[in-house]
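Readers should treat all values here as calculations from the given coordinates under stated rules, not as data from a laboratory. Bear in mind the structure is a predicted one, so any value in this text is a computation, not a measurement. Note that we place each Cβ from the backbone using ideal geometry, even for glycine, and neighbour counts take in every protein chain shown.
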Amino acid sequence: MTHILFEKKGNVAVAAIDRPKALNALNSEVLEDLNTLLDGIEADSEIRVLILTGSGEKAFVAGADIGEMSALTKAEGEAFGKKGNDVFRRLETLPIPTVAAVNGYALGGGCELSMACDIRICSETAVFGQPETGLGITPGFGGTQRLSRLVGPGMAKQLIYSAKNIKADEALRIGLVNAVYPQEELMAQAEKLAETIARNAPIAVRACKRAINEGLELPMDEAIALEEKLFGSCFETEDQKEGMTAFLEKRRHEPYRDR
Ligand code: CAA
């Protein structure tokens, strides 16, 4: 991968979009690197949580690459949107939990990338926005859909129609991020959260992700039935046996083994 820095720390993977000359903007190459990153993560059973961030101090991702988009035809625009949407959807449905550590500008495709992650935390310097209508386009990597699902259609419409950016405190207020930290603490906090998640039973955590994501798309009766199936499936795991036996024996459970 040319534009993604990758590091594994125990069961946690940290990936940083790294295209400093364009504030980590997403061109076709970065989108292809994201696909390669996901191939590697899916193939590595040790990885239980993925943290996604931007390299440098200034930007998470400053959007899709405006230079690359500027001369696209209608058909090419649609294809570029599909290229981003396909990889973002893959990220969203990755079996393991994902945390976006937003360390600066998260605009357009950058805000959309953070929204394809399960959890967003950010630095005090973070700036979020969907500036697309100011450039003559719509959000193109899922922004119209994920922003309205996350913060409600009224606030999403205001942000998207106005193309106005918001700072970290406003992102927290509207529920776009879960927490705001000083810049120098962001990655440590992201890793702490990821490690906490990684210590819990991996099969159960992955089942929770499926239940929430897939359940949100279903009528309540079907969503509840999906939870029942996933709940039941946990009783076939060694981690469930160990977790409950340890509780009953009043001892700390052995580290979960993902079995
Ligand atoms: N695409 C391509 N290049 C970008 C970029 C982007 N989205 N964002 C920043 N860059 C480049 C700049 O062109 C500049 O390059 P040069 O040094 O070669 O001129 C470099 O990164 C540094 O940027 P600035 O000089 O502009 O830095 P700044 O501190 O003055 O401003 C900023 C920072 C406010 C983020 C500003 O760069 C900016 O507004 N960027 C564009 C943000 C944007 O509109 N994003 C949405 C894109 S559309 C989209 O994402 C569609 C979609 O949904 C798929």
(request) Would you work out which of A64, M155, I137 lies farthest towards the positive end of the dipole of segment 52-180? Charges go on Cβ: Lys and Arg +1, Asp and Glu -1. (result) M155
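Give me the net charge for the shell around V12: Cβ to Cβ below 12 angstrom, other residues only, Lys and Arg +1, Asp and Glu -1. Intermediate values should be presented prior to the final figure.
Numbers: positive: K8, K9, R48, K192, R199; negative: E7, D44, E46, E191, E195.
Neighbourhood net charge equals 0.
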(request) Using only Cα atoms, find the angle between the long axis of helix 153-162 and the longest principal axis of the chain, and express it within 0 to 90 degrees, rounded to the nearest 10. (result) 30 degrees
(request) Lys and Arg at +1, Asp and Glu at -1: add these up for the other residues within a Cβ distance under 12 Å of T144 and post the number. (result) +1
(request) Measure up K8/K192; K164/K209; K82/K192 against 23 Å on the Cα-Cα distance and list the ones that go over. (result) K164/K209; K82/K192
(request) May I ask what percent, to the nearest 5, of DSSP beta bridges between residues of the chain are antiparallel? (result) 25 percent
(message) Just to compare against my own numbers: the Cα pair-distance distribution for segment 76-144, 10 Å bins, whole % per bin, please.
(response) 22, 48, 28, 3
(request) Quick one: which residues, 5 or more positions from A179 or on another chain, have an amide H under 5 Å from its amide H? H modelled 1.01 Å from N in the peptide plane, none for Pro or chain starts. (result) C122
(request) Report, in deg cm²/dmol and to the nearest 500, the calculated mean residue ellipticity at 222 nm for the chain, where each DSSP H run with n ≥ 4 adds -39500 (n - 2.57) and the sum is divided by the residue count. (result) -15000 deg cm²/dmol
(message) Using alpha carbons only, how many angstrom separate the centre of segment 115-132 from the centre of segment 47-78?
(response) 13 Å
(message) With angles folded into 0 to 90 degrees, how steeply does helix 238-248 sit against the dominant principal axis of the chain? Use alpha carbons for both and round to 10.
(response) 60 degrees
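Only four residue types carry charge here, +1 at the Cβ of Lys and Arg and -1 at the Cβ of Asp and Glu. Report the dipole size of the chain about the Cα centre in Debye, rounded to the nearest 20. Write down the numbers at each step before the final one.
Values: 30 positive and 39 negative charges, 96 e Å.
Around 460 debye, computed over the chain.
Could you tally the net charge around A79, taking each other residue with its Cβ under 14 Å from the Cβ of A79, Lys/Arg +1 and Asp/Glu -1?
Working: positive: K74, K82, K83; negative: E32, E68, E76, E78, D86.
Local net charge: -2.
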(message) Below 8 Å between Cα atoms, with a sequence gap of 6+, how large is the relative contact order for segment 1-96 in percent?
(response) 33 percent
(message) With the crude spin-label approximation of a point 7 Å out along Cα→Cβ, what separation in nm comes out for L72 versus H253?
(response) 4.4 nm
(message) About the Cα centre, and with charges only on the beta carbon of Lys, Arg (+1) and Asp, Glu (-1), how big is the dipole of segment 63-199? Nearest 20 debye, please.
(response) 440 debye
